[in-house]
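Participant: This is the structure I have questions about; it appears just below.
The values are calculated or read from the model by the stated rules, or taken from the named source; none is laboratory data. A quick note: this is a predicted structure, and the numbers were derived from the prediction, not measured. Every residue, glycine as well, gets a Cβ built from its backbone with ideal geometry; the counts of neighbours run over all protein chains shown. The area values use the complete protein model at the heavy-atom level, side chains included, leaving out ligands, DNA and RNA. Shrake-Rupley method; radii C 1.70, N 1.55, O 1.52, S 1.80 Å.
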Amino acid sequence: MPRLAVLRHGHTAWNREGRIQGRTDVPLDGAARAQLQQLHLPAPWDRAPIWSSPLSRAAETAKIVSGRPPATDAALIEMDFGQWEGSRGEDLFADGSSGFRHIEDWGWAFCPPGGESLIAVKNRLNRWVERLTTDAVAVCHIGVMRVLMAQATGWDFAGPPPFQIKRNRLYVIEIKQDGWQLEPGFTRLVARCS
């Protein structure tokens, strides 16, 4: 059965401002590009097929760290956060009528106003994963990674997640017929030789 290594895209200006990006196509910022140009995928992932979300921040991250253009698939696009896109999480928390809450309180039925439910994200991702026949790398978004990793750990978006997602690290999911399994730990991207 194939393994899927997932990697979060580099920083954007909105990430640094605490804004919810969702499907808004915010590009990598200059600092992220400079950092990523010093890194590449470790073996054996450097030879695996490379996929990404069609959003530029993911596709550019994939191209930089792999040295080749990724195949893109709309299934890997970030969750649609609807009316919350562009807003800062802290501002939404301050507005008691926004419905915004911590991820530990979402549950699988969670859906932002005018956005996409976690179940819808799960369904589109699962259809994509079912088509994988070889090990692959997917450069995507934190929301997508949470849904994939939740399924591989049994987390139901209630209580603290059993994983942390950091940048410049690969998280590997074994895709098996009888269930997915998140491999322990992570693999760092490696520094390019000068």
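Participant: Is at least one residue of the range 109-121 of a type outside the set (A, V, I, L, M, F, W, C), more than 18 Å from the chain's Cα centre (by Cα), within 20 Å of Gln21 (Cα to Cα) and loosely packed, with under 15 Cβ neighbours inside 10 Å?
Facilitator: yes
Participant: Consider only pairs whose beta carbons are under 6 Å apart and that are at least six residues apart or on different chains; among these, list those whose first residue lies in the range 178-194 and is over 15 Å from Pro162 (Cα atoms) and whose second residue is in a loop (DSSP other than H, G, I, E, B) and open to solvent by less than 50 Å² (accessible area, probe 1.4 Å).
Facilitator: Note: pairs meeting the criteria are Thr187/Pro42; Leu189/Asn168; Val190/Pro42.
Participant: Filter the range 128-142 down to residues that are open to solvent by less than 10 Å² (accessible area, probe 1.4 Å) and either of a type outside the set (Gly, Ala, Ser) or within 8 Å of the chain's Cα centre (by Cα) (or both), then give me how many there are.
Facilitator: Residues that pass the stated criteria total 6.
Participant: Hey, can you tell me all the residues within the range 173-189 that are in contact with a helix residue (DSSP H, G or I) (Cβ under 9 Å, 6 or more places away or on another chain) and assigned to a strand (DSSP E or B)?
Facilitator: Ile173, Glu174, Gln181, Leu182, Thr187, listed by residue number.
Participant: Which ones in the range 139-172 are out of contact with any Asp or Glu (no Cβ under 9 Å at 6 or more places or on another chain), closer than 23 Å to Leu28 by Cβ and assigned to a loop (DSSP other than H, G, I, E, B)?
Facilitator: Listed by number, the residues that qualify are Gln164, Ile165, Lys166, Arg167, Asn168.
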